[in-house]
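Enquirer: Sharing a structure with you now.
The values are calculated or read from the model by the stated rules, or taken from the named source; none is laboratory data. What you see is a predicted model, and the numbers here were worked out from it, not measured in a lab. Cβ placement follows ideal geometry from the backbone for every residue including glycine, while neighbour counts extend to all protein chains displayed. Heads up: the accessible areas ignore ligands, DNA and RNA and are worked out on the full protein's heavy atoms, side chains in. Shrake-Rupley method; radii C 1.70, N 1.55, O 1.52, S 1.80 Å.
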Amino acid sequence: MDLLRFITCGSVDDGKSTLIGRLLYDSDSVSLDVLAAIENRPAVHGGVDLALLTDGLRAEREQGITIDVAHKYFTTPRRKFIITDAPGHVQYTRNMVTGASNADLAIVLVDARLGVIEQTRRHTLVAALLGIRHFVLAVNKMDLVGNDEAVFNRIVAEYATVTRQLRVSDAVAIPLSALHGDNVVRRSTKLPWYSGPSLLEYLEQIDVTQDVSADEPRFQVQYVIRPQQADLPDYRGYAGRIQSGVYRKGDRVRVLPSGLETEIEALEVGQQEVETAVAPQGVVIRLRDDVDVSRGDSIIVASSTPTVTRALEATLCWMDERTLEAGQKFLLQHHTALVKASVSALLSKTSVETLHRSAAESAHLNDIVRVRIKTAVPLVVDAYAKNRTTGAFILLDEQTGATLAAGMIDATE
């Protein structure tokens, strides 16, 4: 049974938490104790307040909004799911970036009464930048517009303009009511003009396996294992998670950035030797030759060609209230590699309103900017469009370690 990871996004009060609650509730994925707890707190409309299944923080319940990213897990006979509920407020866009970074699909909710608004465009833009290729436009609260097909068609046309500008090739639209369960888990007779699947039916059938890169093996060392025990006098292993692709015993590999070549002598998964290991397994790699390998180094199949560079062009989602300007210095974390870096130039800023780029001298909270970055030591990277794992990084404050930006590599020099 395969796994689908998806995120719900959109503006405040579009019904994201209620939609997730409805998915869980109607698919019988809520435990009895949790069910009893929410049934004791009826909603304003008189039914069960399904948003309580995701809005777990006290402040969220008091304000009726989502603040933090919530993850929920459920299973149907056809598939396993991990749901990420992202906040709708503009000031929590950084949380949405975190949630979208590992998602295969984005459900963008729109209030049928309001149509496509700025947050709809913002969240679609961020999700597209983060490499999500599959989108569902969930036109919610159709019951509040009389289940009018004309309203639905108008919103679909508005959103199609956004997806065309962002070159999103796979986007479907589903009319629904999360509050009443119409077209969420089961198809509804209240929308007879709609002949497509319910939301859950669509999520169960969509194929995302083709999005996984299996032909570019990437592995970054997290820990060097050297027990130096009497029974293991010469043991040296390199532990980490396979970022993409397949590794096999006997593969000819290169250690980067040094460029030294050797061969995989053994692969260990769960302390057992295996012939093959695939992403995203955790693995220990043992090499035939005694070469110099440290934390943060990459071990790649010799025939593949990542970039080793100190100069990057990248798109940043700026997450800090301080202003970003050219010349500022940071720490850049690329998985286990942590290096000093500076933003040498701001190239452009993307307007959330028009989705067009313009010149930029600075960036502020929630801005999306393209920049040039110089690093103190070489990094082993890929373009984000080619490999979401090795093309991503974060910028940290040198003094506090606070996360300032999420970055996606566009090009290298």
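Enquirer: In the range 255-283, how many residues are under 29 Å from the mean Cα position of the chain (by Cα) and not small (Gly, Ala, Ser)? Let's see the steps before the verdict.
Expert: Applying the first criterion (under 29 Å from the mean Cα position of the chain (by Cα)) to the range 255-283 yields 255-257, 267-270, 276-283.
Next, from what is left, pick out any that are not small (Gly, Ala, Ser): 255-257, 267-269, 276, 278, 280-281, 283.
Summing the residues that are under 29 Å from the mean Cα position of the chain (by Cα) and not small (Gly, Ala, Ser) in the range 255-283 gives 11.
Enquirer: Name every residue in the range 199-235 that is closer than 30 Å to Leu287 by Cα and modelled with pLDDT of 90 or more, in order of residue number.
Expert: Answer for the range 199-235, where residues must be closer than 30 Å to Leu287 by Cα and modelled with pLDDT of 90 or more: Pro217, Arg218, Phe219, Gln220, Val221, Gln222, Tyr223, Val224, Ile225.
Enquirer: In the range 121-166, what residues are open to solvent by 50 Å² or more (accessible area, probe 1.4 Å), in contact (Cβ under 8 Å) with a residue 12 or more places away in the chain and basic (Lys, Arg)?
Expert: Scanning the range 121-166 gives Arg133, Arg154.
Enquirer: Keeping to the range 159-187, report how many residues are part of a loop (DSSP other than H, G, I, E, B) and under 20 Å from Asp14 (Cα atoms).
Expert: Quick first cut of the range 159-187, residues part of a loop (DSSP other than H, G, I, E, B) only: 166-169, 176, 178-181, 183-185, 187.
If we keep only those that are under 20 Å from Asp14 (Cα atoms) too, we end up with 176, 178-181, 183-185.
Selection size over the range 159-187: 8.
Enquirer: In addition: How many of the residues making up the range 312-329 are over 18 Å from the mean Cα position of the chain (by Cα) and open to solvent by 10 Å² or more (accessible area, probe 1.4 Å)? Let's see the steps before the verdict.
Expert: First pass over the range 312-329, keeping only residues over 18 Å from the mean Cα position of the chain (by Cα): 312-313, 320-329.
Within this subset, residues satisfying the condition of being open to solvent by 10 Å² or more (accessible area, probe 1.4 Å) are 313, 320-323, 325-329.
Residues meeting the conditions: 10.
Enquirer: Can we say Gln281 is on the phi > 0 side of the Ramachandran plot and not assigned by TED's automatic domain parsing to the domain that holds Ala405? First the steps, then the outcome.
Expert: Details: on the phi > 0 side of the Ramachandran plot: no; not assigned by TED's automatic domain parsing to the domain that holds Ala405: yes.
Criteria not met by Gln281.
Enquirer: Among the numbered conditions (1) at pLDDT 95 or above; (2) surrounded by 20 or more Cβ atoms within 10 Å (Cβ to Cβ), tell me where Glu263 comes up short.
Expert: (2)
Enquirer: Continuing with this model, one more query. Which numbered condition trips up Leu365, out of (1) within 26 Å of Thr124 (Cα to Cα); (2) without any contact (Cβ under 8 Å) to a residue 60 or more places away in the chain; (3) out of contact with any Leu (no Cβ under 7 Å at 6 or more places or on another chain); (4) open to solvent by 40 Å² or more (accessible area, probe 1.4 Å)?
Expert: (2)
Enquirer: Among the residues of the range 1-16, what is the count of those that are over 24 Å from Gly131 (Cβ atoms) and either modelled with pLDDT of 80 or more or charged (D, E, K, R) (or both)?
Expert: 2
Enquirer: Which residue, of Gly56, Gly88, is open to solvent by 30 Å² or more (accessible area, probe 1.4 Å), modelled with pLDDT under 90, part of a loop (DSSP other than H, G, I, E, B) and not acidic (Asp, Glu)?
Expert: Values: Gly88 fails: open to solvent by 30 Å² or more (accessible area, probe 1.4 Å).
Just one listed residue meets the conditions, Gly56.
Enquirer: Can you name the number of the only condition in (1) part of a loop (DSSP other than H, G, I, E, B); (2) touching a His at 6+ places or on another chain (Cβ under 9 Å) that Leu365 fails?
Expert: Of (1) part of a loop (DSSP other than H, G, I, E, B); (2) touching a His at 6+ places or on another chain (Cβ under 9 Å), only one is false for Leu365: (2).
Enquirer: Give the residue that is modelled with the lowest pLDDT, with candidates limited to residues of the range 335-351 that are open to solvent by 20 Å² or more (accessible area, probe 1.4 Å) and either farther than 16 Å from Thr309 by Cβ or aliphatic (A, V, I, L, M) (or both). First the steps, then the outcome.
Expert: Going residue by residue through the range 335-351, those that are open to solvent by 20 Å² or more (accessible area, probe 1.4 Å) are 335-336, 338, 340, 342, 344-347, 349-351.
Now restrict to residues that are either farther than 16 Å from Thr309 by Cβ or aliphatic (A, V, I, L, M) (or both): 336, 338, 345-347, 349-351.
Working: Thr336: 89, Leu338: 93, Ala345: 95, Leu346: 95, Leu347: 95, Lys349: 93, Thr350: 89, Ser351: 84.
Residue satisfying both the conditions and the ranking: Ser351.
Enquirer: Just one of Asp289, Asp297 is surrounded by 19 or more Cβ atoms within 10 Å (Cβ to Cβ), acidic (Asp, Glu), out of contact with any helix residue (DSSP H, G or I) (no Cβ under 8 Å at 6 or more places or on another chain) and modelled with pLDDT of 90 or more; which is it?
Expert: Asp297
Enquirer: While we're looking at this one, here's another question. Restricting attention to the range 94-120, and to residues there that are of a type in the set (Ser, Thr, Tyr) and open to solvent by 10 Å² or more (accessible area, probe 1.4 Å), which single residue is modelled with the lowest pLDDT?
Expert: Just the residues of the range 94-120 that are of a type in the set (Ser, Thr, Tyr), to begin with: 98, 101, 120.
Okay, now just the ones that are also open to solvent by 10 Å² or more (accessible area, probe 1.4 Å), so 98, 101.
Numbers: Thr98: 75, Ser101: 79.
Taking the candidates together, the pick is Thr98.
Enquirer: Then there is this: Please go through the range 133-158 and give me each residue that is hydrophobic (A, V, I, L, M, F, W, C) and either out of contact with any helix residue (DSSP H, G or I) (no Cβ under 8 Å at 6 or more places or on another chain) or in a helix (DSSP H, G or I) (or both), ordered by number. Before the answer, list the steps.
Expert: Taking the range 133-158 and keeping what is hydrophobic (A, V, I, L, M, F, W, C), we get 135-139, 142, 144-145, 150-152, 155-157.
Answer for the range 133-158, where residues must be hydrophobic (A, V, I, L, M, F, W, C) and either out of contact with any helix residue (DSSP H, G or I) (no Cβ under 8 Å at 6 or more places or on another chain) or in a helix (DSSP H, G or I) (or both): Met142, Leu144, Val145, Ala150, Val151, Phe152, Ile155, Val156, Ala157.
Enquirer: Need the failing condition index for Leu137 against (1) touching a Lys or Arg at 6+ places or on another chain (Cβ under 8 Å); (2) closer than 21 Å to Ser188 by Cα; (3) hydrophobic (A, V, I, L, M, F, W, C), just the number.
Expert: (1)
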